[in-house]
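Trainee: Submitted below is the structure of interest, expressed as structure tokens.
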Amino acid sequence: MHTYYRNTLDTYTSMVARVVDCLYGLMAKDLGVNTQDMLNIFSGQLQSIRINYYPPCKQANKVLGLSPHSDGDALTVLLQANDVHGLQIRKNNKWFLIKPKAGALIINIGDMMEIMTNGRYKSIEHRAIINMEEERLSIAAFHSPRLDVVLRPFPELVNSDGREFYKAITNKEYLRKCFSGQLNGKNALESMKLRK
Ligand SMILES: O=C(O)CCC(=O)C(=O)O
Ligand SMILES: [Fe+2]
């Protein structure tokens, strides 16, 4: 890998990990969860990067760049790396465009965070559409606990919600589930819900 590219990526990913660590602390406060418990879960966290390149397509309305999905991790930091739009999020069954903003990072809640917060924070379903004339680039940084960590709702939230809404699963098993299926909305997470 070219040294300049490697150094830039190294710097970017370590800065992003710091932003994410800061967010865990703020989320713990917001949720009323013990901050140290939250930080312990993410100590030695895993980070992976996906760089998405979407070439232009004359028949853009007939194709998708990335099928609808929620990210399987806990928190994703997404950078729309040029000013070509394409990211859409699903809310109330409608798709909304998220326009790139210079210098702004997008934080996506992933499925693991939905499980750990007992559904207080919902993972966001999103997709990428294609532009007819211009290429598009995005960089996604995914964050999750170590592979051996068991993902389950925080006890404080289970107590105040009256019950646990999601099954417990190790990070490793959950990632396997996500990678073995096709990208299909929030299907992987649906299978984790405990029904009455
Ligand atoms: O290209 C985008 O804006 C979305 C990328 C994405 O959702 C992903 O890599 O998981
Ligand atoms: Fe995604």
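Trainee: Putting +1 on Lys and Arg Cβ atoms and -1 on Asp and Glu Cβ atoms, find which of L46, P56, Y121 reaches farthest to the positive end of the dipole of region 45-190.
Mentor: With unit charges placed on the Cβ atoms, the residue in question is P56.
Trainee: So for each of 122-134, 182-194 I average, over its residues, the number of other beta carbons within 10 Å; can you give me the resulting order with the highest mean first?
Mentor: With the highest mean Cβ count within 10 Å placed first, the list reads 122-134, 182-194.
Trainee: What list of ³J(HN,Hα) couplings, whole Hz, do you get for region 179-190 from phi and the Karplus terms 6.51, -1.76, 1.60, once you set θ to phi - 60° and write x for glycine and proline?
Mentor: 7, 7, x, 7, 5, 8, x, 10, 4, 4, 5, 3
Trainee: Beyond 24 Å between alpha-carbons counts as too far, so tell me which of K91/K186; K58/K186; K62/K172; K101/K193 fall in that bin.
Mentor: Cα-Cα > 24 Å for K58/K186; K62/K172; K101/K193; rest within.
Trainee: Also: Over region 1-110, what per residue volume does the convex hull of the Cα atoms give, in whole Å³?
Mentor: Per residue, the Cα convex hull of region 1-110 comes to 147 Å³.
Trainee: Another one. Run the numbers on the chain and let me know its relative contact order in percent, using alpha-carbon pairs under 8 Å that are six or more apart.
Mentor: 26
Trainee: Would you mind getting the accessible area per residue of region 45-190, heavy atoms of the protein chains only, 1.4 Å probe, in Å²?
Mentor: Per-residue value: 53 Å².
Trainee: Which three lengths, in whole Å and largest first, does region 149-194 cover when its Cα atoms are put on their principal axes?
Mentor: 35, 22, 11
Trainee: While we're looking at this one, here's another question. Within the accessible area of region 143-192, what % is carbon and sulfur when the probe is 1.4 Å and the other protein chains stay in place?
Mentor: Ligands and nucleic acids excluded, carbon and sulfur give 51 percent.
Trainee: Please state the charge dipole magnitude for region 82-196, taken about the Cα centre, from unit charges on C-beta atoms (+1 on K and R, -1 on D and E), reported in debye and rounded to the nearest 20.
Mentor: It works out to roughly 460 debye.
Trainee: Would you mind estimating how fast the chain diffuses translationally, via Stokes-Einstein at 10 °C and 1.306 mPa s with the Kirkwood radius over Cα pairs, in µm²/s?
Mentor: Result for D is 89 µm²/s.
Trainee: State the answer as a single residue: which of V149, N82, N187 lies farthest towards the positive end of the charge dipole of region 45-190, with beta carbon charges of +1 for Lys and Arg and -1 for Asp and Glu, about the Cα centre.
Mentor: Checking the options against the dipole of region 45-190, the answer is N187.
Trainee: Taking the Cα-to-Cβ direction at Q59 and at R18 and moving 7 Å from each Cα, how far apart do the two end points lie in nm?
Mentor: Computed distance between label sites Q59 and R18 equals 4.8 nm.
The values are calculated or read from the model by the stated rules, or taken from the named source; none is laboratory data. Everything numeric here is computed off the predicted structure, so don't read it as measured data. Please note: Cβ atoms are built from the backbone with ideal geometry, for glycine as well, and neighbour counts cover all protein chains shown. Surface accessibility is based on the protein's heavy atoms, side chains included, excluding ligands, DNA and RNA. Shrake-Rupley method; radii C 1.70, N 1.55, O 1.52, S 1.80 Å.
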